[in-house]
Amino acid sequence: MEVKTKNRVDIGIKGMTCAACAAKIEKALNSTPGVEEANVNFAMERATVNFDPEKADFDALKGVVEKLGYQTAVEKVDLPIGGMTCASCVAKVEKALKGVEGVVSASVNFATETATVEYLPSAASMEDLKRAVTGIGYKVLAGKEPDEIADTEKKERRKEIRVLKIKLSMGIILSVPILLGSFAEWLPGVPHFLTNFYLLMILAAPVQFWVGKQFYAGFWAALKNKTSDMNTLIAVGTSAAFSYSVAMTLFPDYFISKGYRPNVYFDTAALIITLILLGRLLEASAKGKTSEAIKKLMGLQARTARVIRDDQEVDIPIEEVRMGDVVVVRPGEKVPVDGVITQGYSTIDESMLTGESIPVEKKEGDEVIGATINKAGTFRFEAVRVGKETALAQIVKLVQEAQGSKAPIQRLADRIAGYFVPAVISVAVFTLVIWNFYGPEPAFLFALLNFGAVLIIACPCALGLATPTAIMVGTGKGAENGILIRGGESLETAHKINSIIFDKTGTLTKGEPQVTDVITTNGHKREELLRLVASAERGSEHPLGEAIVNKAKEEAVQLNDPEEFEAVAGHGIKAKISGVTLSIGNLKLMNDLSIDTDGLSHEADKLSGDGKTPMYVALDGTLGGIIAVADVLKEGSVKAVERLHDMGVEVVMITGDNKRTAEAIASQVGIGRVLSEVVPEGKAQEVKKLQGEGRVVAMVGDGINDAPALAQADVGIAIGTGTDVAMEASDVTLIGGDLNSVVTAIQLSKSTMRTIRQ
């Protein structure tokens, strides 16, 4: 996955096999003239490079990576171009394409009317390429669409996993009889023929040279570049074991004459390759999660937009929307891009962006955000931000930037990995020399044996097998409790958490409005007031109205169809039920109707102070009562916060809600520090501020609006199963959505780390 800012680029890298590869590429990039900082993330297969455009360019960075023997993830596409009439057109199109950020090369053939472009897939999208061509007066007749590119990437990953599964299966099938034959004296009932050295050699050879082929390929690539990595240890170590065993099989008499008891290590070589291949398969399956998350984020946007062109409504692809276009949105449709309403009124569900469950009323002059959903009413708006400038695109960018960063502990691990392989080889060579010159006779044989032993033992080092085993147990226990943990790094970091930020809506609260109070006055009965209001609201699409209807159904209240109904934009509704004239809405509506509300003003203020939304109800021109609606706390929220406080963890609440509502909810749950009226971009900034104070921060959220903060946090924790994007941006997923599982996840991390240390 690649994304670029003015002097920042994320380059996808293929061929890395271990953390040492990442350290090697990072060192080379940081040594490149013009590069200010380079971070290579092995898990994400990506290099994030900040550079001076005047001293370095894409080609230089790409060349550094490829010189080391790795591949850069560059997409190549042929675009048929329409409208070219001469050679100068070719030059203009080439110049326009090369001017797109992320384009590595562009070549236009006038005879075939085709532009061949190499680009970094997310730094420059297909829409960017098409826009560059159409912007200078030419047409892109056809081309590879983003979905096709995504499918190609997915197919390649599936192919890699399929090959690994086949090789792993073969490795297991062949390794089992090798293991049985090698330990026949310990395992009663093993057929004697399995102990034959020649049979073991025949079984081990395919494992060594076919199943383990990728390790030899990696070893050779590293050797050509005069470097080493884990492939070096695996290839040299298993080859030493296999070669020694072959020699013992083919020339047993020589070893017997030197006083050696015939023994082979085919099982060691085969099992090491098979076990490490299992790790590679798990690793390959885990990779690509980030790119999937970004694809899901981008998938939230509308595919088409209805714009006014030549006084006609025309449906066009979203990438063709230009700033200044007048866009029409009807009820139930997604808002295609960001803009300002010029005509009409509606309520818009912005929960995917802000996390708030109650739709926002919009009128002329109000801003609308792309990918939000129009609930009711048709309106027109002027497009003010399109393409990479939209709020959704900016959220995608923030997620990518946060995921491309590297924690200090990861840097330390990468540095250790960079020195580990050369250190092991040096120790092995030192062992060979010492035993050869100072060991008993036959000294060379002893030296060779101990040389191989060092490599074999170090090859699947504790860092590579023991730690993942502990992590597997930890993640397995987590799964039993509805906790999905992305990997070892999350477990390692989670036990250090000393600050935790909870999103409010959908995380601490249920995320949907519910009726909390029904207050009556002037002699009206509660059930009758609820019946009349719910009957009036039964056809409403507004969530507050739906909450009232749901409350009536819950209490088995019989509803009637309204005889009259009128929506008062921005204020409420008027209706007639069973001969009674109702007015339901805010204080402004009551004032407009000259209805005295003083009798319930104190109760209304108290409800507002508790973070609830009071709706006045007037019956036949007099005040009948108030129905209050609010997003209520989840069960377990208070207990979870108490447990975190007991663990010494600072608890913070963050929300896009107003300060009054936010503080009301925080006081109910026992949280003292509140960050209110925070936009999605601001959530990631607030996480950074806490990290800047030296805190290890966990972010807990459930929506797309939380994705940047989840990715920025040291540990991101997503609640529930409702929003895949939040899940993918996080490190820990709580399937049950139980907040006490947040505490369990941290405790699980602490116990797992204790096990690893021991």
Would you mind finding the one in 258, 226 that is under 18 Å from residue 70 (Cβ atoms) and not small (Gly, Ala, Ser)? 226
State the number of residues belonging to region 613-651 that are more than 29 Å from the chain's Cα centre (by Cα), assigned to a strand (DSSP E or B) and either within 12 Å of residue 586 (Cα to Cα) or of a type outside the set (A, V, I, L, M) (or both). 12
Which condition from (1) under 42 Å from the mean Cα position of the chain (by Cα); (2) among the charged types (D, E, K, R); (3) farther than 30 Å from residue 670 by Cβ is the one that residue 610 breaks? (3)
Please go through region 268-278 and pick out each residue that is open to solvent by 10 Å² or more (accessible area, probe 1.4 Å) and either more than 40 Å from the chain's Cα centre (by Cα) or of a type in the set (A, V, I, L, M) (or both). 271, 272, 275, 276, 278
Failed item, numbered, when residue 233 is tested on (1) without any contact (Cβ under 8 Å) to a residue 60 or more places away in the chain; (2) closer than 19 Å to residue 22 by Cβ; (3) buried (at least 16 other Cβ atoms within 10 Å of the Cβ); (4) not hydroxyl-bearing (Ser, Thr, Tyr): (1)
Subset of region 573-585 (residues that are open to solvent by 20 Å² or more (accessible area, probe 1.4 Å) and in contact with a Leu (Cβ under 9 Å, 6 or more places away or on another chain)): 574, 576, 578, 580, 581
Quick test of your reading of the structure: residue 228 fulfils all but one of (1) under 18 Å from residue 22 (Cα atoms); (2) open to solvent by less than 10 Å² (accessible area, probe 1.4 Å). Name the failing condition by number. (2)
Filter region 627-646 down to the residues that are open to solvent by less than 40 Å² (accessible area, probe 1.4 Å), out of contact with any Ser or Thr (no Cβ under 8 Å at 6 or more places or on another chain) and of a type in the set (Val, Ile, Thr), then identify the one that is farthest from residue 545 (Cα to Cα). 641
I'm trying to understand the selection: among the residues of region 541-555, which are free of Cβ contacts under 8 Å to residues at least 60 places away in the same chain and either within 36 Å of the chain's Cα centre (by Cα) or farther than 25 Å from residue 362 by Cβ (or both)? 545, 546, 550, 551, 552, 553, 554, 555
Taking the conditions exactly as written (modelled with pLDDT under 85 and small (Gly, Ala, Ser)), does residue 339 satisfy them or not? no
Filtering region 500-519 for residues that are within 9 Å of residue 701 (Cα to Cα) and either in a strand (DSSP E or B) or in contact with a Pro (Cβ under 7 Å, 6 or more places away or on another chain) (or both) leaves a count of 3
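Of the residues that make up region 657-665, is at least one on the phi < 0 side of the Ramachandran plot, of a type in the set (Lys, Arg) and in a loop (DSSP other than H, G, I, E, B)?
Looking through region 657-665, none of the residues is on the phi < 0 side of the Ramachandran plot, of a type in the set (Lys, Arg) and in a loop (DSSP other than H, G, I, E, B).
Mind counting the residues in region 181-200 that are crowded, with 17+ Cβ neighbours inside 10 Å and of a type outside the set (Phe, Trp, Tyr)?
Of the residues in region 181-200, the ones crowded, with 17+ Cβ neighbours inside 10 Å are 181-182, 190, 194, 197, 200.
Checking which are of a type outside the set (Phe, Trp, Tyr) leaves us with 181-182, 190, 194, 200.
Counting residues in region 181-200 that are crowded, with 17+ Cβ neighbours inside 10 Å and of a type outside the set (Phe, Trp, Tyr) gives 5.
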Looking only at residues in region 648-672 that are of a type in the set (D, E, K, R) and more than 12 Å from residue 502 (Cβ to Cβ), which one is modelled with the highest pLDDT? 663
Just checking, how many residues over region 312-329 are closer than 17 Å to residue 134 by Cα and among the acidic types (Asp, Glu)? 3
Can you tell me how many residues in region 21-50 are modelled with pLDDT of 80 or more and open to solvent by less than 10 Å² (accessible area, probe 1.4 Å)? 6
Take the residues in region 520-558 that are in a loop (DSSP other than H, G, I, E, B) and within 20 Å of residue 599 (Cα to Cα); name whichever of them is most open to solvent (accessible area, probe 1.4 Å). 525
Out of 162, 131, 158, I need the residue that is modelled with pLDDT of 75 or more, buried (at least 17 other Cβ atoms within 10 Å of the Cβ), in a helix (DSSP H, G or I) and of a type outside the set (A, V, I, L, M, F, W, C). Which one? 131
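The values are calculated or read from the model by the stated rules, or taken from the named source; none is laboratory data. Predicted model only: the values in this text are computed from it and were never measured. Note: ideal-geometry Cβ built from the backbone for every residue, glycine included; neighbour counts use all protein chains shown. What goes into the accessible areas is simple: the full protein's heavy atoms, side chains included, and nothing from ligands, DNA or RNA. Shrake-Rupley method; radii C 1.70, N 1.55, O 1.52, S 1.80 Å.
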